[in-house]
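Below: one structure, written as structure tokens.
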Amino acid sequence: MPAKSPGSCNTTNHAVTSWVDEIAHLTRPERIHWCDGSEEEKSALTKLAVELGILIPLNQEKRPGCYYHRSNPNDVARVEQCTYICTANAEDAGPTNNWMAPDKMYAKLRALCDGAMRGRTMYVVPYLMGPPGSPLCKVGVEITDSIYVVLSMRIMARMGRQAYDQLRDSPHFNRGLHCMLDINPERRFIAHFPEDNAVISVGSNYGGNVLLGKKCLALRIGSWLGRKEGWLAEHMLILGVESPEGKKTYAVAAFPSACGKTNFAMLVPPPAFKGWKVWTIGDDIAWMKPGPDGRLYAINPEAGYFGVAPGTSTKSNANAMQMIQRDTIFTNVALTPDGDVWWEGHDAPPPQECLDWRGQKWTPDSKEKAAHPNSRFCAPAANNPMLAREHDDPLGVPVSAIIFGARRSTTMPLVYQAFNWIHGVYVGATMGSEMTAAAAGNIGQVRLDPMAMLPFCGYNMGDYVLHWLRMRKLISSPPRIFHVNWFRKGADGKFLWPGFGENMRVLKWIVDRCHGHADAEETPLGWVPGPRAFDLTGMENFDVEDLEKAQAFDVEEWRNEVIKSNELFLKLYPHLPKELIFQRELLISRF
Ligand code: OXD
Ligand code: MN
């Protein structure tokens, strides 16, 4: 057996120790490091990562505790074509997921992992998803041969002894195995085994593929568990809006990757909204369960933010700029000569010279971008100046509004409200968005992305929509459901709505609607704000006509939208709840 260092195994949970033994026999590491999540461990691993060139320390005066990492250029985003749901029955994975029979996938991956950690250290990372003691909290253990993963997991999840404390002697934890292999796209698989509560990820070291608590456990396995156990695992931020009187209203919002979830979750209201505050509970994932009072309660299973750096600035996200001043790992941004970081859309002007994300000299004349469009910051939630106290509340927060959002240059109005829960599920299920750099693919093309979960739903998407419809029976006071689009453009190609902090005006209408305070007009799409519903104080340079254009409903565009949604309906047909088809017919008849 390999040496167990440093110290020895720090759990007596037999299911954990025997699984670690099994993986050690397979991968043959030289050492096993049982992570405890302590500060000393973090310092020692960071020092080692620097010695090995995995991390580069940034200027510690400017950015204390911050480090820089460059990934292999072939490994910069999630790869959906390498992501599999391995269920005994192919139909359970459904037509929107890649599927392979579990036996076949296990055999393939065992062969790839055989001896894969020879001469290396195997890290055993216990972690919690969710506040300790929460009825929704889940335990995971990730085995990895990447120090970058250990240090990032320490930020993104509640990592260390507390996970074993919660697990005690139970065998119910997510088994996650990550082997970097040689970071070869030909040998890259992110395989989920929902029936075994297990994940195996090989051939990548990119966050979304390898921080196994995030997309793999919290969403793909989480959605499977949610259906089984009567809750929802969603690709949603969670925020709390506080009025000047101190009343808090909570909203969750689903946007596809890289469409501004982190910015919306950390929104700074404009000066005209004196006394209003937006608190963050989560920026990417919500686990939601009906509470005893019949409302839907949400927790954020994560403990950090893995946000897209390009476009992050004081204007787009002042709180994030403050948050990433310390204790942050930056990946694939540009490195400036004074040991700081830069990216396209940063407050600072482009540096005269720097190293780009590939480590090559870059000047403002260079044709390539300095930072990769999917470059990231990984920062602890505790650094967010607007982190809500409720972030750690095991019971979560009661949700008043569910917001679906997409990146659409045409068709979709700035905001509308669904008539009821079933209509809201239709609105979320038929959501389409222009693709971004967060996943490898055709950037800009509209793809249907139900509830922003297309890449993250761990089972048949038709059954997923049915689960949403069924949840209504368990929620006697359901949240109101809305759809927003900050990205609509005018004929001149310019955005019609300024977005960022100004989105507070839309959020306030949503909050007021939830409390029955705001007027709305009925349209074929749903309820929309009336002409004077938004307080535009402080937007003197904004052309009110642009707001009308941003809200406009165009029958021709909507005909195309309905035709587009048929693609998904046909794909999911055998499992598609008929309620969705009736909703489509109602929408057409309202046109
Ligand atoms: C993410 C993503 O990293 O959605 O959150 O890709
Ligand atoms: Mn995401």
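The values are calculated or read from the model by the stated rules, or taken from the named source; none is laboratory data. Treat the numbers as computed from the prediction; the structure is a model and nothing was measured. Because the Cβ atoms are built from the backbone with ideal geometry, glycine has one as well, and the counts that use them run over all protein chains shown. Quick note on the areas: whole protein, heavy atoms, side chains included, nothing else; ligands and nucleic acids left out. Shrake-Rupley method; radii C 1.70, N 1.55, O 1.52, S 1.80 Å.
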Item checked: Relative contact order [Cα under 8 Å, 6+ residues apart], region 398-508, whole percent -> 41 percent
Check: Using alpha-carbon pairs under 8 Å, 6+ residues apart, how would you state the relative contact order of the chain in percent?
Finding: 14 percent
Next item on the list: Give the ranking of I563, I299 by solvent-accessible surface, highest area first, calculated with a 1.4 Å probe.
Entry: I563, I299
Note to self: Out of the total accessible area of region 4-120 (probe 1.4 Å, heavy atoms of protein only), what percent is carbon and sulfur?
What the structure shows: 51 percent
Next item on the list: May I ask which of K138/K247; K62/K214; K215/K261; K261/K315 have a Cα-Cα span longer than 19 Å here?
Entry: K138/K247; K62/K214
Note to self: Using a 1.4 Å probe on the protein heavy atoms only, what accessible surface does D145 show? Give it in Å² to the nearest 10.
What the structure shows: 10 Å²
Check: Taking the Cα-to-Cβ direction at K361 and at R187 and moving 7 Å from each Cα, how far apart do the two end points lie in nm?
Finding: 3.6 nm
Next item on the list: State the percent of C-alpha pairs, over all pairs in region 305-383, separated by a distance greater than 22 angstrom.
Entry: 17 percent
Checklist line | Potential lengthening between Q162 and S589 on full extension [0.36 nm per residue; Cα-Cα distance subtracted] | finding: 148.2 nm
Margin query: I'd like the accessible area for R488, computed on protein heavy atoms only with a 1.4 Å probe and all protein chains in place. Round to 10 Å², please.
Written below: 20 Å²
Notebook entry, point to check: Tell me, what is the per residue accessible area of the chain in Å², probe radius 1.4 Å?
Noted result: 39 Å²
Note to self: Tell me the relative contact order for region 305-383 as a rounded percent, counting alpha carbon contacts under 8 Å between residues six or more apart.
What the structure shows: 44 percent
Next item on the list: Sort V124, V268 by accessible area with a 1.4 Å probe, largest first.
Entry: V268, V124
Checklist line | Rg/Rh ratio calculated on Cα atoms of the chain (Kirkwood radius) | finding: 0.96
Checklist line | Estimated FRET transfer efficiency when R0 is 30 angstrom, pair D103-C9 (beta carbons, to 0.05) | finding: 0.50
Check: Can you give the translational diffusion coefficient of region 47-172 in µm²/s, computed by Stokes-Einstein from the Kirkwood radius over Cα pairs at 25 °C and 0.890 mPa s?
Finding: 137 µm²/s
Next item on the list: Express the carbon and sulfur contribution to the solvent-accessible surface of region 207-249 as a percent, rounded to the nearest whole number, probe 1.4 angstrom.
Entry: 47 percent
Checklist line | Charge dipole of region 305-383 about the Cα centre (unit charges at C-beta), most positive-ward option of G311, A334, N374 | finding: N374
Notebook entry, point to check: For the pair R389 and D543, how long in nm is the line joining their label points, each one 7 Å along Cα→Cβ?
Noted result: 4.7 nm
Next item on the list: At 1.4 Å probe size, with no ligands or nucleic acids counted, give the accessible surface of R472 in Å², nearest ten.
Entry: 90 Å²
Checklist line | Net length gained if the chain between Q322 and K274 were fully extended (0.36 nm per residue, minus Cα distance) | finding: 15.2 nm
Check: Carbon and sulfur: what percent of region 305-383's accessible surface (1.4 Å probe)?
Finding: 51 percent
Checklist line | Gain in span if fully extended, N72 to N560, counting 0.36 nm per residue against the direct Cα distance | finding: 171.6 nm
Notebook entry, point to check: Accessible area, 1.4 Å probe, largest first: how do R187, R532 sort?
Noted result: R532, R187
Notebook entry, point to check: What does the charge add up to near G428, with Lys and Arg as +1, Asp and Glu as -1, over the other residues with Cβ less than 11 Å from its Cβ?
Noted result: -2
